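Visitor: Below are the structure tokens for one structure; questions will follow.
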Amino acid sequence: MIKIRNMKNIDIKLVKEIESTSFKYNSPDINFEKELNNQFAKYIVAEDVQQSGQSSIIGFAGIWIFKDEIHIAQIAIYPDWQRIGIGWQLLNKIYQIANSIGNKKIYLEVHEDNEEAIKFYLKNKFNITGKKHKYYQNITGNNDAVTMEKLLLCA
Ligand SMILES: CC(C)(COP(=O)(O)OP(=O)(O)OC[C@H]1O[C@@H](n2cnc3c(N)ncnc32)[C@H](O)[C@@H]1OP(=O)(O)O)[C@@H](O)C(=O)NCCC(=O)NCCS
């Protein structure tokens, strides 16, 4: 059974493993300890809970909550668990959070080369709204971000 729940400090070790194995185009290097204490941030995890009671974190997402909108800071699924709807489940939880606080707009930036993530958001009815020039800057060069957003109907 896949459970979507709030991230706890005890999850951070596994979440960092997902972060380091799943991101191909940029290395976010999130300070999760700090983020879990940020009143404007919310981090959730997808947990695989087996009948034996054993469980493992297989994905996570982080959002920043602003006055009228929600920014998806990160979303990542452990490579072995990709493409079976776990990302979709995390997005659904984000929609629930947005609805519960009355925020209609969800937006994000994604690395211009990250075709799988762009396809993922398009499949989930996000629209491309533009580009941010040289948004990702690291030793391999500067890359643009594609900006995307989704307006929720029933917030
Ligand atoms: C983007 C990501 C979160 C999607 O999670 P997921 O659990 O695999 O997504 P879902 O199973 O809910 O949706 C699958 C859909 O996403 C897209 N997708 C995901 N992986 C893909 C791939 N390797 N190639 C092409 N499309 C892909 C497709 O639209 C796919 O639908 P399809 O299988 O019918 O073609 C995941 O690929 C990931 O963790 N990527 C690495 C981290 C990352 O880049 N995050 C985005 C930062 S903004």
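Visitor: If you take the square roots of the eigenvalues of the alpha-carbon gyration tensor of the stretch 9-64 and sort them as a ≥ b ≥ c, do you get rounded (a/c under 1.5), prolate (a/b over b/c) or oblate? Can you show the working numbers first?
Guide: Details: a/c = 2.26, a/b = 1.36, b/c = 1.66.
Oblate shape, in that a/c is at least 1.5 and b/c is the bigger or equal ratio.
Visitor: Apply 1/(1 + (r/R0)^6) to the Cβ-Cβ distance of LYS119 and ARG5, taking R0 = 25 Å, and write down the FRET efficiency to the nearest 0.05. List each step's numbers first, then the result.
Guide: Values: r = 27 Å, r/R0 = 1.07.
The value I calculate is 0.40.
Visitor: What does the charge dipole of the stretch 2-110 about its Cα centre add up to, to the nearest 20 debye, if the Cβ of each Lys and Arg holds +1 and the Cβ of each Asp and Glu holds -1?
Guide: Numbers: 13 positive and 12 negative charges, 58 e Å.
Here the size comes out at about 280 debye.
Visitor: Given a Förster distance of 22 Å, report the FRET efficiency between GLN50 and GLN82 from their Cβ-Cβ distance, rounded to the nearest 0.05. Don't skip to the answer; put the middle values down first.
Guide: Values: r = 19 Å, r/R0 = 0.88.
Calculated value: 0.70.
Visitor: For each pair in LYS13/LYS131; LYS104/LYS134; LYS3/LYS24; LYS123/LYS150, compute the distance between the two Cα atoms and list the pairs where it is over 23 Å.
Guide: Details: LYS13/LYS131 33 Å; LYS104/LYS134 28 Å; LYS3/LYS24 26 Å; LYS123/LYS150 11 Å.
The pairs that break the limit, which is 23 Å between Cα atoms, are LYS13/LYS131; LYS104/LYS134; LYS3/LYS24.
Visitor: Rounded to whole Å and sorted largest first, what semi-axes of the equivalent ellipsoid does the C-alpha gyration tensor of the chain yield via the square root of 5 times each eigenvalue?
Guide: Values: eigenvalues 108, 77, 48 Å².
One finds semi-axes of 23, 20, 16 Å for the chain.
Visitor: With θ set to phi - 60° and the Karplus curve 6.51 cos²θ - 1.76 cosθ + 1.60, what are the ³J(HN,Hα) couplings of the stretch 87-95 in order, to the nearest whole Hz, using x for Gly and Pro?
Guide: Per-residue couplings from phi come out as x, 4, 5, 5, 4, 4, 5, 5, 4 Hz.
Visitor: Report, by chain and number, residues whose modeled amide H sits under 5 Å from the one on TYR135, excluding near sequence neighbours (fewer than 5 apart, same chain).
Guide: Excluding prolines and chain starts, which carry no amide H, the hits are ASN143, ASP144, ALA145.
Visitor: Turning to a different aspect of this structure: Quick one: Karplus J couplings for the stretch 47-63, per residue in order, coefficients 6.51, -1.76, 1.60, θ = phi - 60°, nearest Hz, x for Gly and Pro?
Guide: Values per residue, Gly and Pro as x: 10, 8, 9, 8, 4, 5, x, 5, 9, 8, 7, 10, x, 8, 8, x, 10 Hz.
Visitor: Still on this model: Aspartates and glutamates near LYS42 by alpha-carbon distance under 20 Å, same-chain residues fewer than 8 away left out - which ones?
Guide: ASP11, GLU17, GLU19, ASP29, GLU33, ASP68, GLU69, GLU109, GLU149
Rule-based calculations on the coordinates, nothing more; no lab input. These numbers were taken from a predicted model, which means no experiment stands behind them. Note that each Cβ is placed from the backbone with ideal geometry, even for glycine, and that neighbours are counted across all protein chains shown.
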